[in-house]
Amino acid sequence: MFSYYYIMGKKVCISFIFLSLVMLACQNVNKEKDMDTGNKELTYLALGDSYTIGEGVEEEQRWPVQLVEKLRADGIDISDARIIAKTGWTTDELMAGIEEAGPGREYALVSLMTGVNNQYRGRDRDNFRKELASLIDTAISCAAGIADNVIVLSIPDWGVTPFAAGRDQEKIAEEIDSFNNVIVEECNEANVKYIDVSGVSRRASDDLSLVAGDGLHPSGRMYEMWVEILYPSVKEVLRGQRNEK
């Protein structure tokens, strides 16, 4: 049976009122769920060494920071990059740094850039390959186990910088190319994206504006060029995950 009451002089069915309130509450819950998912920021983890931390440049000139700003300018809602990197780190030191930081495993994008200090210290390629493979596996784990969400950058050629004056620059270039071949092979094995910035890094031999004040590391302008190279791949990684403003 239905119960009827008079509200403001009108006969109203209580069951109808109750049903209306339930429907309104369900609508509000659904709206809150939509807002929760729609407003969720994408997250980015950058792993590396001096190139990732931006040795020799201001924080806003670091390439991971420039990448985030470019994405935001393109209407993509992404948080500040979490950077785990330190000048001088080799592959094993980077792994230790990641383990200490405990970055988590739910990033929409993970970048990895490592190996220059292995080459600089004269470590062999077999050791590099083994530790690189482990780092790529770790990067995939941090990307929620999705290999497609990981990008790996090549080693730039520091042999063209003023810091390398008087050294065997041809030998440096050959060793870096050899290490980059390992990176290509391991990226193919793990099905992650490889981004070549080595070619553009060699432009610094004729343009010192691409070198930071320390005479060794890239300038903000060089990092901007890297971002332009990797940007299409990054947008592809974020396609389907992203929330545009």
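The numbers here are math on the coordinates, done by the rules we state, and not lab data. All of these numbers come straight from a predicted model, not from anything done at the bench. Here the Cβ is made from the backbone with ideal geometry for all residues, glycine too, and neighbour counts use every protein chain on show.
Can you tell me how segment 142-245 classifies by the Cα gyration tensor, rounded, prolate or oblate, using a/c under 1.5 as the rounded cut?
Since a/c reaches 1.5 but b/c is at least a/b, the shape of segment 142-245 is classed as oblate.
From the cross-link list LYS40/LYS193; LYS70/LYS235; LYS40/LYS70; LYS193/LYS235, which pairs have alpha carbons spaced over 21 Å apart?
Cα-Cα > 21 Å for LYS40/LYS193; rest within.
Residues of segment 129-164 with the amide nitrogen closer than 20 Å to a label point 7 Å from the Cα of SER178, along Cα-to-Cβ, please.
129-133, 154-161, 164
Once a ≥ b ≥ c are taken as the square roots of the eigenvalues of the Cα gyration tensor of segment 37-85, is the result rounded (a/c under 1.5), prolate (a/b larger than b/c) or oblate (a/b not larger than b/c)?
oblate
How many angstrom lie between the C-alpha centres of segment 100-120 and segment 216-231?
One Cα centre to the other: 18 Å.
Please state the shape class of segment 68-227: rounded when a/c is under 1.5, otherwise prolate if a/b exceeds b/c and oblate if not, all from the C-alpha gyration tensor.
Values: a/c = 1.86, a/b = 1.27, b/c = 1.47.
It comes out oblate by the Cα gyration axes.
Order of 44-54, 194-204, 228-238 by packing, highest average Cβ count within 10 Å first? Can you show the working numbers first?
Values: 44-54: 24.5, 194-204: 18.0, 228-238: 15.9.
Sorting 44-54, 194-204, 228-238 by mean packing, highest first, produces 44-54, 194-204, 228-238.
Would you grab the residues whose amide H sits under 5 Å from the one on ILE83? Only those 5+ places off in sequence or on another chain, please, with H modelled 1.01 Å from N.
Amide H neighbours of ILE83: ALA46.
For GLU69 and ASP196, calculate 0.36 nm times their separation in residues minus their Cα-Cα distance, and state this gained length in nm to one decimal. All intermediate terms of the calculation are to be shown ahead of the outcome.
Values: separation 127, 0.36 × 127 = 45.72 nm, distance 2.12 nm.
Working it through step by step, the gained length comes to 43.6 nm.
Between GLU170 and SER233, how high is the FRET efficiency from 1/(1 + (r/R0)^6) when r is the Cβ-Cβ distance and R₀ = 25 Å? Nearest 0.05.
About 0.25, to the nearest 0.05.
How are the C-alpha pair distances of segment 116-183 spread across 10 Å bins, as whole percents from the shortest bin up?
Computed distribution, short to long bins: 19, 43, 26, 10, 1.
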